[in-house]
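Coordinate-derived values only; no laboratory data. Small disclaimer: the values here were computed from a predicted structure and weren't measured. Heads up, the Cβs are rebuilt from the backbone with ideal geometry, glycines too, and the neighbour counts pull from every protein chain shown.
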Number of protein chains: 2
Amino acid sequence: MRSLAHPKKGELQLDAVLSALADPIRRQIVGYLAASPGTHACGAFNLPVTKSTSTHHFRVLREAGLIRQDYQGTAILNSLRTEDLEAQFPGLLQAVLQPTNPRHLPIG
Amino acid sequence: MRSLAHPKKGELQLDAVLSALADPIRRQIVGYLAASPGTHACGAFNLPVTKSTSTHHFRVLREAGLIRQDYQGTAILNSLRTEDLEAQFPGLLQAVLQPTNPRHLPIG
């Protein structure tokens, strides 16, 4: 079973987390996952970018530790690492995904 | 009297704010200003970078709307735009500058 690399819980880097969140498409993905807990295939997000750009954004989020990406057959399922993030950077997700920022709203 | 350009209150961009905060030296500057309210000359920060790199970091923070920079004679005085940030992104500064992140501690 293939698996993708993830930074360990407790070892997320704030530089990488903030840098990942500094992009509106990536905040849109994170906002969708925050509003819809569970796992979601990349295709479910209906992002206004090409597939390869979308893949890039998901990879940046995974490498920063914001999301988990797990293979299920040939599909990749994404989920938000809410607990790991909250443990290390309490309040950060909430501050970034607040309602005054329309980009965080679910897309579908 | 020369003056430097600042984004207006209420018009700060989250992309720029998060991008500015994604650098440890810039978080060090912001953390120092948060811990020492008031205005501080650039020279007071004792940063581990060259003067031109330091100038760059202060400019990024100003252009993102995190700090004000005002001339006093030939010196530039820096201050944190705490109220403007809190009004637009409540809780963000606190989440980024939390005690678990040693980079935010005052330098001097």
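Can you list residues from other chains, or at least 5 along the same chain, whose modelled amide H is less than 5 Å from the amide H of A:ILE76?
Residues meeting the amide H criterion: A:CYS42.
Give me the net charge for the shell around A:ALA64: Cβ to Cβ below 10 angstrom, other residues only, Lys and Arg +1, Asp and Glu -1.
Working: positive: A:ARG26, A:ARG59, A:ARG62, A:ARG81; negative: A:ASP15, A:GLU63.
The answer is +2.
Cα-based Rg of the protein assembly as shown per 2.2 N^0.38 Å, rounded to two decimals?
Values: Rg = 18.7 Å, N = 216, 2.2 N^0.38 = 17.0 Å.
Cα-based Rg divided by the globular estimate yields 1.10.
May I ask for the percentage of alpha-carbon pairs in the range A:11-97 that lie more than 17 Å from each other?
Working: 1538 of 3741 pairs.
Within the range A:11-97, distances greater than 17 Å cover 41 percent of Cα pairs.
Is it possible to state the helix-based mean residue ellipticity at 222 nm for the protein assembly as shown, with each DSSP H run of 4+ residues giving -39500 (n - 2.57), the sum divided by total residues, to the nearest 500 deg cm²/dmol? What is it?
On the way: 10 runs with 92 residues, N = 216.
So the calculated ellipticity at 222 nm is -12000 deg cm²/dmol.
For A:PRO37, which inter-copy label distances result when the label point lies 7 Å beyond Cα on the Cα-to-Cβ vector, reported in nm to one decimal and in ascending order?
3.7
With charges only on Cβ, +1 for K and R and -1 for D and E, what is the dipole size of the range A:11-97 about its Cα centre, in debye, rounded to 20?
On the way: 7 positive and 8 negative charges, 71 e Å.
Result for the range A:11-97 is approximately 340 debye, rounded to the nearest 20.
Any chance you could check the Cα centroid distance between the range B:5-51 and the range A:14-57 for me, in angstrom?
Here the two parts' Cα centres lie 27 Å apart.
Suppose each label sits 7 Å from its Cα in the direction of the beta carbon; what would the A:GLN72-A:HIS56 distance come out to in nanometres?
Taking the simple label geometry, A:GLN72 and A:HIS56 are separated by 2.8 nm.
Relative to the other copies, what are the label-point distances for B:LYS51, with labels 7 Å from Cα along the C-beta vector, expressed in nm at one decimal and sorted shortest first?
Those separations, rounded to one decimal, come out as 5.5 nm.
Treating the point 7 Å from Cα along Cα-beta-carbon as the label, what are the nm separations from A:PRO90 to the other copies, to one decimal?
Copy-to-copy label distances for A:PRO90: 1.9 nm.
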